[in-house]
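To start, the structure under review is shown below, and the notes come after it.
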Amino acid sequence: MKISLSLKSKLYKATALLFLLLAMGVTGFYTLTGMSFIDALYMTVITITTVGFGEVVPLSQEARLFTVFLILISVIVLGYAVTVLTEYIIEGEFFKNIKYKSVQKRIKQLNNHTIVCGYGRNGKQAVSKLLQYGKEVVVIEDDEKIIEELQESGLSFIEGDATKDEVLCKAGLKNAAHLITTLPSDADNLFVVLSARQQNKNIKIVSRASDDATDRKLRIAGADNVIMPDKIGGDHMASLIVTPDIIEFVDKLSTDTGHNTYIKEIAIDDLPAEFASKSIRDLDLRRKTGCLIIGYKTPDNEYIINPDPGIKMMPHAKLIVLGNESQIRKLNEMLKSL
């Protein structure tokens with residue numbers, strides 16, 4: 001959590017003045033009275049804090065004049081320190097730092113969460129979608145204006161440069177399941193992908209890109225998926241002219257915020273062992289839950305649309321099913337009972 005430069009400078013100055021005042025007092029009493037270091041420190045502390053205890057040893061005229069001088073200087077220095085501390089508390093920096101440390105502690109306890117690098121237009125859309133599905137999200141951002149927005153939103157975030165390894169570590173990279181990088185610079189996204197892949201070999205990485213050349217480099221660096229928003233936007237607009245009803249129907253499935261229609265994936269590995277050699281027909285999801293199997297992802301990451309009922313279940317494969325809220329609920333209950 002960053003403090004404003006002017007306030008940080010004042011805090012450093014106040015701390016330095018307090019230490020200087022303490023050093024000056026100890027040195028003065030030690031030199032003028034010949035008392036021990038501990039006694040000189042004790043005299044300095046009770047003098048600058050105006051506690052008013054008695055003298056450790058009888059003071060000479062010179063030592064008393066020094067004590068008067070020390071009291072006058074301490075009033076000025078302590079007054080300045082109290083003013084800075086009050087400003088620090090009033091501006092809310094004190095409580096912001098307490099809240100930020102609490103967020104850091106919560107992030108350290110996360111597991112299988114998603115890290116989103118950059119909270120611009122694409123980053124916000126990604127976070128919004130993830131939250132709709134109940135996913136834990138940690139945002140990395142270094143823009144001070146956006147940081148204020150994140151503070152108000154209540155999202156877990158790390159303030160810093162996502163291209164730096166230590167910042168990714170603070171976001172819990174080693175325990176994260178997914179990473180989305182939506183930084184405006186392709187070079188920065190490439191650096192994030194390289195760093196993330198080196199630190200977590202199993203994490204799934206989705207990166208933003210601006211052109212086809214960067215797409216290839218990002219995949220070589222370790223990105224599992226590369227999205228080019230400009231290209232998708234143009235294709236989407238053209239498709240709305242060529243096949244408007246189909247596109248609107250697909251959009252309805254993927255962006256329905258009314259929670260009426262769901263597309264869910266089922267990992268074959270999550271099913272009981274007896275289903276490993278059975279077919280889609282044997283699952284009989286349509287009759288039991290009303291859900292429709294619309295896709296099958298093979299262990300080689302190939303997608304089969306509207307798969308044949310005779311296709312056998314294979315380890316590391318996935319089923320993609322479509323259903324309304326009630327049907328998906330029945331499906332979840334069936335899977336739990338298996």
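Quick note: the coordinates plus some simple rules give every number you see, no bench work behind them. Owing to the predicted nature of the structure, the values given are computational and were not obtained by experimental measurement. With ideal geometry, Cβ positions are generated from the backbone for all residues, glycine too; neighbour counts draw on all protein chains shown.
Observations on the structure shown:
- With both labels modelled 7 Å from their Cα along Cα-to-Cβ, the Arg286 to Lys201 distance reads 4.3 nm.
- Dipole check for segment 113-167: with +1 at the C-beta of Lys and Arg, -1 at the C-beta of Asp and Glu, and the Cα centre as origin, the magnitude is about 460 Debye.
- Pairs from Lys170/Lys201; Lys124/Lys217; Lys105/Lys336; Lys124/Lys297 whose Cα-Cα separation, in the structure shown, is over 21 Å: Lys124/Lys217; Lys105/Lys336; Lys124/Lys297
- Dipole magnitude of the chain, debye to nearest 20 (Cβ charges: Lys/Arg +1, Asp/Glu -1, about Cα centre): 840 debye
- What the Cβ-Cβ distance of Leu22 and Lys252 gives, at R0 = 56 Å and to the nearest 0.05, is a FRET efficiency of 0.20.
- Pair Glu274, Lys336: separation of 7 Å Cα→Cβ label points (nm): 2.1 nm
- With Cα atoms, 0 to 90° folded angle of helix 325-337 axis to the chain main axis: 80 degrees
- DSSP beta bridges in the chain [antiparallel fraction, %, rounded to 5]: 45 percent
- Charge tally around Asp245: other residues with Cβ under 12 Å, Lys/Arg +1 each, Asp/Glu -1 each, net -1.
- Stokes-Einstein D (µm²/s) once Rh is taken as the Kirkwood radius of segment 111-233 over alpha-carbon pairs, at 20 °C in 1.002 mPa s: 152 µm²/s
- Placing unit charges on each Cβ (+1 for Lys and Arg, -1 for Asp and Glu) gives the chain a dipole about its Cα centre, and among Met35, Leu59, Ser102 the Cα reaching farthest toward its positive end belongs to Ser102.
- Relative protection proxy for 212-225, 190-203, from highest mean packing down: 190-203, 212-225 (other beta-carbon atoms within 10 angstrom).
- Computed from point charges on the beta carbon alone (+1 for Lys and Arg, -1 for Asp and Glu), the dipole magnitude for segment 234-338 about its Cα centre is near 480 Debye.
- Alpha carbon centroid spacing (whole Å) that separates segment 173-196 from segment 218-249: 21 Å
- The local environment of Thr163, defined by Cβ-Cβ distances under 11 Å, has a net charge of -4 under the rule Lys, Arg +1 and Asp, Glu -1.
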